[in-house]
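Structure first, commentary second.
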Amino acid sequence: MTRAANTATVLGGPTALIHLAGWTLLTDPTFDAAGTEHQDGPVVVRKTAGPALKPSQLPALDAVLVSHTGHLDNLDTAGRAVASGASEVFTTPTGAEDLGGAAAGLEPWQTRTLSKPGRTPLNITAVPARHGPVGTEAITGPVTGFLLHTDDDSAPTVYVSGDTVDLDAMSALAERYRVDVALLHLGAAGFEAFGDVRLSLTAAQAVEARRLLGAPLVVAVHAEGWAHYTEDRDHVRQTFDAAGAPLHWPTPGEPITLPDPHTR
């Protein structure tokens, strides 16, 4: 029997559908329509593009990964409904209190394992994250990244950064685990109310993140579809090209095949 391909499909914003080791996972569900605006504390977030799939078009999900629940560009109204209907949800401890139900809050470096008869167990490890420079934690709230990995290396190890600029945590991740694929939240998110503060990776930080992580395949996530990104695709590509660093910027809705861990 042919083994199912390991793929990642970016659906828009931070939302990606990941098929890995026979499991299907969804990250940071955002399914509201284009043009939707949300008041999010002192700022307004506006969605500029709708999702590549509607919730009704999603395959059966084994788990939903929510990097944080406090910001509507990572968990909007329709996305919250998707998460609430999932049998397994992993997020921060604060996010688990918010979501309730099946949500499990993971502390940094804590691992939970998806396991079913006939399937390769899939480990989900929480990776420390910081949603902005040191000192912004009280404004942005807790956030986590995720590492998806198997014990037998039968599938690539996939890092989902969440909204973070914490390069030290990425360095610590690389000391603990091999990273084959990194879904990095790019776009250098920023708001006038916060001045020059950037709440997600700049292109230059992403290039450094790739180096620290051991040169994995980098997939651009959370870099288009909302109005508060301060760096566009051309700038990010130029920065990666200047550094000689490959970057995969997928078309929303089109799956990309993830590399075989044994051929890296």
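A Cβ distance below 6 Å, combined with a sequence gap of six or more or placement on separate chains, defines the contacts here; from the range 152-171, residues that are surrounded by fewer than 24 Cβ atoms within 10 Å (Cβ to Cβ) reach residues that are among the acidic types (D, E) and assigned to a loop (DSSP other than H, G, I, E, B) in the pairs T157/D180.
Scanning the range 217-264 for residues that are modelled with pLDDT of 90 or more, over 24 Å from G35 (Cβ atoms) and of a type in the set (V, I, T) yields V218, V219, V236, T239, I256, T257.
R112 meets the conditions (1) part of a loop (DSSP other than H, G, I, E, B); (2) touching a Leu at 6+ places or on another chain (Cβ under 7 Å) in every case but one. The failed one is (1).
The residue of the range 1-38 that is nearest to A49 (Cα to Cα), among those that are at pLDDT below 95 and among the acidic types (D, E), is D32.
Quick check: is even one residue across the range 180-198 under 15 Å from the mean Cα position of the chain (by Cα), buried (at least 20 other Cβ atoms within 10 Å of the Cβ), at pLDDT below 95 and over 30 Å from Q57 (Cβ atoms)? Yes, because at least one residue in the range 180-198 is under 15 Å from the mean Cα position of the chain (by Cα), buried (at least 20 other Cβ atoms within 10 Å of the Cβ), at pLDDT below 95 and over 30 Å from Q57 (Cβ atoms). Of all residues in the range 73-109, those that are over 25 Å from K54 (Cα atoms) and not in a strand (DSSP E or B) total 8. None of A83, A96, A49, A78 is surrounded by 20 or more Cβ atoms within 10 Å (Cβ to Cβ) and out of contact with any Ser or Thr (no Cβ under 7 Å at 6 or more places or on another chain) except A83.
The values are calculated or read from the model by the stated rules, or taken from the named source; none is laboratory data. Please read these numbers as outputs of a predicted model, since none were measured by experiment. Here Cβ is always computed from backbone atoms with ideal geometry, including for glycine, and neighbour counts include all displayed protein chains.
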